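Enquirer: Input: one structure, supplied below.
Laboratory data are not the source of any read-out in this text; all were calculated from the coordinates shown. The structure displayed is predicted, hence computed values, not measured ones. Glycine gets a Cβ as well: all are built from the backbone with ideal geometry, and neighbour counts include every protein chain shown.
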Amino acid sequence: MSRHETRQQVARAFGATDIVPERGQDAVDRIRDLTDGYGADAVMECVGTGQSMDTAYKIAAVGSTVGSVGVPHDVTLPVSTMIFRNLGFSGGVAPARKYIPDLLPDVLSGAINPGLVFDFETDLNHVADAYRAMDERRAIKSLVRMNG
């Protein structure tokens, strides 16, 4: 689910078959149409807003799980919905530091491509530009290289 053209292109490159740009009830209706009224077997909420979490639970099929990554803000879990529709929840921040010792050398050598999501590059002196580019949707994710 995305309204951001560049993110849609990345999703398709990774195998997405359907893109849902709608929001709110229109998004719920579209997902229900795509799943013959059933809903999604598993849902990942990756935005962290109350609206995105609300949508996640509305599109989840009975008995499925909603996962959340990142840091939520203004989010209230719909406990009654979770109980009566038997919906699970799992989430947390990515334990990135755990993977750095194993992955960083391969990324730096070029053995692993960190992905298509890094579409803005800067240095430590321009970190604010990187955050601004992501906030303004001019970048998906920013890669910050060390100076010198």
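Enquirer: Suppose we flag chymotrypsin sites (Phe, Trp or Tyr not before Pro) only when DSSP calls them loop and at most 13 other Cβ atoms lie within 10 Å. Which is the longest uninterrupted stretch of the chain?
Expert: Longest stretch, sites excluded: 39-148.
Enquirer: Within a Cβ distance under 15 Å of T65, other residues only, what is the Lys/Arg minus Asp/Glu net charge?
Expert: It works out to a net charge of 0.
Enquirer: Further, regarding this structure: Please compute the modelled spin-label separation between S80 and N113, points set 7 Å along Cα→Cβ, answer in nm with one decimal.
Expert: Going by the 7 Å Cα→Cβ label model, 4.9 nm.
Enquirer: If you don't mind, another one. All other residues with a Cβ under 9 Å from the Cβ of E22 taken together, and with Lys, Arg as +1 and Asp, Glu as -1, what is their net charge?
Expert: Summing Lys/Arg as +1 and Asp/Glu as -1 gives +1.
Enquirer: Could you compute the FRET efficiency for A40 and N147, with r as their C-beta to C-beta distance and R0 at 41 Å, rounded to 0.05?
Expert: FRET efficiency, A40 to N147: 0.40.
Enquirer: Assuming 0.36 nm per residue, please report the length gained on full extension of the stretch D129 to R97 beyond their Cα-Cα distance.
Expert: Extending this stretch completely gives an extra 9.1 nm.
Enquirer: Tell me the mean residue ellipticity at 222 nm calculated for the chain from its helices only (DSSP H runs of n ≥ 4, each -39500 (n - 2.57), averaged over every residue, nearest 500).
Expert: Calculated mean residue ellipticity at 222 nm is -11500 deg cm²/dmol.
Enquirer: Which trypsin sites (Lys or Arg not before Pro) in segment 1-104 pass both tests, a DSSP loop state and at most 14 other beta-carbon atoms within 10 Å?
Expert: Passing sites in segment 1-104 are R3, R23.
Enquirer: Still on this model: Cut-off is 10 Å between beta-carbons; in what order do M1, M146 appear when sorted fewest neighbours first?
Expert: M146, M1
Enquirer: Considering Cα pairs under 8 angstrom that are at least six residues apart, work out the relative contact order of segment 58-110 and quote it in whole percent.
Expert: 41
Enquirer: Convex hull over the Cα atoms of the chain, averaged projected area in nm²?
Expert: 10.6
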